[in-house]
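Novice: The structure's right below; bear with me while I get my questions together.
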Amino acid sequence: MSAPPRLFNRDLLRTRLSRAAAVYANADFLKRRAAEDAVVRLEAIMRDFPLAVDLGARNGAFGEALALSDAKSRVGHLIEADLSGAMLAGRTGPRLVADEERLPFAFGSLDLVVSTLALHWTNDVVGALIQIRRALKPDGLFIGSMLGGATLTELRQSLLTAEAELTGGAGPRVSPFADAYDAAGLLQRSGFALPVADVDRVTVRYAHPLKLLADLRAMGETSVLAERHPRQLTRQVLARACELYVEKFAEPDGRVPATFEILTLTGWAPDPSQQKPLKPGSAKMRLADALGVVENPLPREED
């Protein structure tokens, strides 16, 4: 089998995350939103998870949200794992520097894996999900979220237009993200049972596009495309992109929106005890009888 294309420079990502670690809390609003959503989903599941992993833990937002939840008593040991050791520094509890593309967990060893806003940086999302599913015990749970395709659409359009206008050509400056329509398919392709996918679209308003760029830098979410753009992003192009951003997207009060699309995936490691769909033709009652209506067959076409 051929290796997946190398879209992202994971070493550069680690460097960016480590650089952002000291200021990450200044721009962790998306991480906290995703972590709190994961905890809400966990609260609805009445079962225990003796060993759990927070994959891509960053500043520990999931652990903090869990500590304030009724679900805390149902999660035994929580291991925080992150690509950057600097992100894990200074916190108590089990911590592990781990790459989402090469997970170190034994087969069937975990009861729960949570990953919020980290897997969109993997070169092979399906491959990473397969590793997670294999690390889970039968009937183990995965709750994950990643940024979707509509993320930063305003910034993407502004940069492309500015560069094409000033240089006569344009290349990618913003990383690609998974399409919302493919979210559930990612779980199915990875072998998860009972897959569910949801989309949460968040609009954040800024006084100026440069404030958005500052937040992205603090999040460690600036582009780490493996195929670097042949030209450096000049101040002239950036200034023109900001002008276009304001011209095209500014709201009546002068502030500019930035779209973030969060795809949340929930799936279970397969187990014989799980519910399964009935086989076609196995129903014991016609749908018309169940609904109490008269069935009118469609007219047959004549040859």
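The values are calculated or read from the model by the stated rules, or taken from the named source; none is laboratory data. Since this is a predicted model, take the numbers as computed values, not measurements. Note that we place each Cβ from the backbone using ideal geometry, even for glycine, and neighbour counts take in every protein chain shown. Keep in mind that these areas ignore ligands, DNA and RNA; they rest on the heavy atoms of the full protein, side chains included. Shrake-Rupley method; radii C 1.70, N 1.55, O 1.52, S 1.80 Å.
Novice: Considering only segment 48-59, I want to know if a residue exists there that is among the β-branched types (Val, Ile, Thr) and out of contact with any strand residue (DSSP E or B) (no Cβ under 7 Å at 6 or more places or on another chain).
Specialist: No, because not a single residue in segment 48-59 is among the β-branched types (Val, Ile, Thr) and out of contact with any strand residue (DSSP E or B) (no Cβ under 7 Å at 6 or more places or on another chain).
Novice: Would you mind finding the one in Leu263, Leu244, Leu212 that is aliphatic (A, V, I, L, M), in contact (Cβ under 8 Å) with a residue 24 or more places away in the chain and in contact with a Leu (Cβ under 7 Å, 6 or more places away or on another chain)?
Specialist: The match here is Leu212.
Novice: Continuing with this model, one more query. Can you give me the number of residues within segment 99-119 that are surrounded by fewer than 16 Cβ atoms within 10 Å (Cβ to Cβ) and either over 30 Å from Pro176 (Cα atoms) or of a type in the set (Val, Ile, Thr) (or both)?
Specialist: 4
Novice: Residue by residue through segment 177-186, note down the ones that are exposed (fewer than 15 other Cβ atoms within 10 Å of the Cβ) and either under 12 Å from Phe260 (Cβ atoms) or touching a residue at least 24 places away in the same chain (Cβ under 8 Å) (or both).
Specialist: Asp179
Novice: Of all residues in segment 81-98, how many are in contact (Cβ under 8 Å) with a residue 60 or more places away in the chain and crowded, with 16+ Cβ neighbours inside 10 Å?
Specialist: 5
Novice: Say we look at segment 240-271 and pick out the residues that are in contact with a Pro (Cβ under 8 Å, 6 or more places away or on another chain) and in a loop (DSSP other than H, G, I, E, B); which of these is modelled with the lowest pLDDT?
Specialist: Looking at residues that are in contact with a Pro (Cβ under 8 Å, 6 or more places away or on another chain) and in a loop (DSSP other than H, G, I, E, B), I get Asp271.
Novice: Among the residues of segment 195-217, write down those that are touching a helix residue (DSSP H, G or I) at 6+ places or on another chain (Cβ under 6 Å), of a type outside the set (Phe, Trp, Tyr) and surrounded by 15 or more Cβ atoms within 10 Å (Cβ to Cβ).
Specialist: Correct list: Pro195, Ala197, Pro209, Asp215.
Novice: Right, another one. Got at least one residue in segment 187-194 being open to solvent by less than 20 Å² (accessible area, probe 1.4 Å), in a helix (DSSP H, G or I), within 25 Å of Asn123 (Cβ to Cβ) and modelled with pLDDT under 95?
Specialist: Scanning segment 187-194 turns up at least one residue that is open to solvent by less than 20 Å² (accessible area, probe 1.4 Å), in a helix (DSSP H, G or I), within 25 Å of Asn123 (Cβ to Cβ) and modelled with pLDDT under 95.
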